[in-house]
Amino acid sequence: MADLTTDDLRGRVAAVLPGVRRDLEALVRIESVSADPARAGEVRRSAEAVAALLEAEGLDTRIVSADGGAPAVIATRPAPAGAPTVLLYAHHDVQPEGDHADWATPPFEATEADSPGGRRLFGRGAADDKAGVVAHLGALRALGDDLGVGVTVFVEGEEEVGSDTLPALLAEHAETLRADVIVIADSTNWDIGVPALTTSLRGLVRVDVEVRTLTHAVHSGMWGGLVPDAITTLARLLATLHDDAGDVAVAGLHAGPAADVDYPEERLRAESGVAEGVAFVGTGSAVERLWTKPSLSVTGLDAPKVDGASNTLVPAARAKLSMRIAPGDTAESALAALRAHLEAHVPWGAQLQVTVVDTGEATQIDATGPVYDVARAAFAEAWDGTVPVDMGVGGSIPFIAEFLEAFPEAAVLVTGVEDPDTRAHGPNEGLHLAEFERVLLAETLLLARLAERGA
């Protein structure tokens, strides 16, 4: 390939950026909500749009699926002799948009507007993860015929519903997807102006917990004081999940140390949206509590509404628990520990039912070696000398563990287009436009420098 300087590549990125943005806006208009069966056609249309974009860049492109799963796109360009192959991952499906009234702009119409940190492009999927799709596309366009590595672009269609058929896809297309370097563009940067490589993610265990104290509802005056109601019983059970400091009180869960990264309380409060006067829970540093210790949250309750509730003892109540497990733990072990705790602490002999919703493994990446050195250098160049942070993420991306298992020899780089105020999965999701240009430049630099380094 040509001997391209950073300034050369910066100019190429600037030249392709307007077209890349137009492509992103077109993708945002497609309502590819994988959780909504009524919009399965939109998910298919999204895959077709992504395939068309990649095919236009000269890649051998096809739409695939496995076990009845959502359509994914695989596009390839072979490596020149002696050059490495890089797998570029993103996903084209998006989360449900929720109530449109909660959005300042239409959720499926990409809209540029001001935000506290700079101009953003708002819309569902504008960041997570259609911006990841077009970041890969833009890097390929910027390099053009000077692309000196082999590439396989893999754009999944069901990440937002758990990637159930991903293992089957990885197995069926293993030889096509095998690569020396895997770039997963589905994470976040440390801050606006500060890039990051994600090196750890917590795993996930979700369960529905039901307690039953009665075979049917009864009068609270006739039986209250003798018979326990299910809501009080459930509340007492849920209260055992944390100690007085707010640490998870389930025995047998793993916890570990985190990187020595300063996360000021003022920034934590601003980014988390915690209400004024509310204290943070747990012990240890903020990043330990967010990245390398377990958390346990109640994310849903089934019980009668307050308005219109009758004067009766409720016979059964349910809660959904979301447990994030620390790197070093396993979903199987953590689930067993949670189940044992619930069984040991359910009060008054109430009947208990625990139903597993889903699980996902935690991830820990050893981000050392020459590929990671090249990546950090590319990020630093794109962010004008700011060295990337190695960060953990409290959320879960279980499919990363599946990539690590399927391709153990590959160097896996977990990158992303998001920042702390992206609001992925929520109303007013937005892509920081200046940061996106840096992301695009960083990936372009990465591919160029990997070509220079060789296989």
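Below, the figures for the structure above:
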| item | result |
| --- | --- |
| Qualifying residue in the stretch 331-352 (condition: out of contact with any Phe, Trp or Tyr (no Cβ under 8 Å at 6 or more places or on another chain), part of a loop (DSSP other than H, G, I, E, B) and open to solvent by 70 Å² or more (accessible area, probe 1.4 Å)) | no |
| Residue check, Ala235 hydrophobic (A, V, I, L, M, F, W, C) and in a loop (DSSP other than H, G, I, E, B) | no |
| Condition check for Phe379: closer than 21 Å to Val133 by Cβ and either open to solvent by 10 Å² or more (accessible area, probe 1.4 Å) or at pLDDT below 90 (or both) | yes |
| Among the residues listed as Val356, Val414, Val439, Val389, the single one being open to solvent by 50 Å² or more (accessible area, probe 1.4 Å) and β-branched (Val, Ile, Thr) | Val356 |
| Tally, over the stretch 275-331, of residues that are over 28 Å from Thr198 (Cβ atoms) and of a type in the set (Lys, Arg) | 2 |
| Enumeration of residues in the stretch 420-436 that are among the acidic types (Asp, Glu) and open to solvent by 10 Å² or more (accessible area, probe 1.4 Å) | Asp421 |
| Flag for Thr283 being under 30 Å from Pro388 (Cβ atoms), under 28 Å from the mean Cα position of the chain (by Cα), hydroxyl-bearing (Ser, Thr, Tyr) and loosely packed, with under 15 Cβ neighbours inside 10 Å | yes |
| Residue among Leu121, Leu143 that is buried (at least 24 other Cβ atoms within 10 Å of the Cβ) and not in a loop (DSSP other than H, G, I, E, B) | Leu143 |
| Enumeration of residues in the stretch 392-407 that are assigned to a helix (DSSP H, G or I) and open to solvent by 30 Å² or more (accessible area, probe 1.4 Å) | Glu402, Leu404, Glu405, Ala406 |
| Test result for Ala251, open to solvent by 70 Å² or more (accessible area, probe 1.4 Å) and more than 30 Å from Ala424 (Cβ to Cβ) | yes |
| Residue pairs meeting the criteria (Cβ under 6 Å; at least 6 apart or on separate chains; first closer than 22 Å to Gly118 by Cβ, in the stretch 189-202; second open to solvent by 20 Å² or more (accessible area, probe 1.4 Å) and aromatic (Phe, Trp, Tyr)) | Ala196/Trp190 |
| Qualifying residue in the stretch 74-91 (condition: among the polar types (S, T, N, Q), more than 25 Å from Leu440 (Cβ to Cβ) and at pLDDT 95 or above) | no |
| Residue list for the stretch 287-315, restricted to those being under 20 Å from Ile325 (Cβ atoms) and surrounded by fewer than 18 Cβ atoms within 10 Å (Cβ to Cβ) | Ser297, Val298, Thr299, Gly300 |
| Inter-residue pairs, beta-carbon under 8 Å, first touching a residue at least 40 places away in the same chain (Cβ under 8 Å) and over 25 Å from Leu88 (Cβ atoms) and in the stretch 413-428, second part of a strand (DSSP E or B) and among the hydrophobic types (A, V, I, L, M, F, W, C), 6+ apart | Asn428/Phe122 |
| Any strands (runs of 3 or more DSSP E) falling wholly within the stretch 21-93 and containing at least 3 residues that are open to solvent by 10 Å² or more (accessible area, probe 1.4 Å) and of a type outside the set (Ser, Thr, Tyr) | 60-64 |
| Number of the condition not met by Thr363 [criteria: (1) open to solvent by less than 70 Å² (accessible area, probe 1.4 Å); (2) within 30 Å of Leu238 (Cα to Cα); (3) touching a Pro at 6+ places or on another chain (Cβ under 6 Å)] | (3) |
| Verdict on Thr444 being closer than 30 Å to Leu342 by Cβ and buried (at least 16 other Cβ atoms within 10 Å of the Cβ) | no |
| Matching option when the condition is out of contact with any helix residue (DSSP H, G or I) (no Cβ under 7 Å at 6 or more places or on another chain) and in a loop (DSSP other than H, G, I, E, B), among Val261, Val281, Val287, Val250 | Val281 |
| Failed criterion for Pro18 (all others in (1) more than 22 Å from Arg438 (Cβ to Cβ); (2) surrounded by fewer than 14 Cβ atoms within 10 Å (Cβ to Cβ); (3) not polar (S, T, N, Q) hold) | (1) |
| Test set (1) part of a loop (DSSP other than H, G, I, E, B); (2) within 21 Å of the chain's Cα centre (by Cα); (3) within 17 Å of Val155 (Cβ to Cβ) - Glu97 fails condition number | (3) |
| Count of the stretch 229-248 residues which are open to solvent by 40 Å² or more (accessible area, probe 1.4 Å) and either of a type in the set (Gly, Ala, Ser) or in contact (Cβ under 8 Å) with a residue 60 or more places away in the chain (or both) | 5 |
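Condition check ((1) among the acidic types (Asp, Glu); (2) on the phi > 0 side of the Ramachandran plot) across all residues:
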residue: Glu25; (1), (2): yes, no
residue: Glu31; (1), (2): yes, no
residue: Arg39; (1), (2): no, no
residue: Val50; (1), (2): no, no
residue: Val64; (1), (2): no, no
residue: Asp67; (1), (2): yes, yes
residue: His92; (1), (2): no, no
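The values are calculated or read from the model by the stated rules, or taken from the named source; none is laboratory data. What you see is a predicted model; the values in this text were computed from it and never measured. Neighbour counts are summed over all protein chains in view; Cβ atoms, including those assigned to glycine, are modelled from backbone coordinates with ideal geometry. Surface accessibility is based on the protein's heavy atoms, side chains included, excluding ligands, DNA and RNA. Shrake-Rupley method; radii C 1.70, N 1.55, O 1.52, S 1.80 Å.
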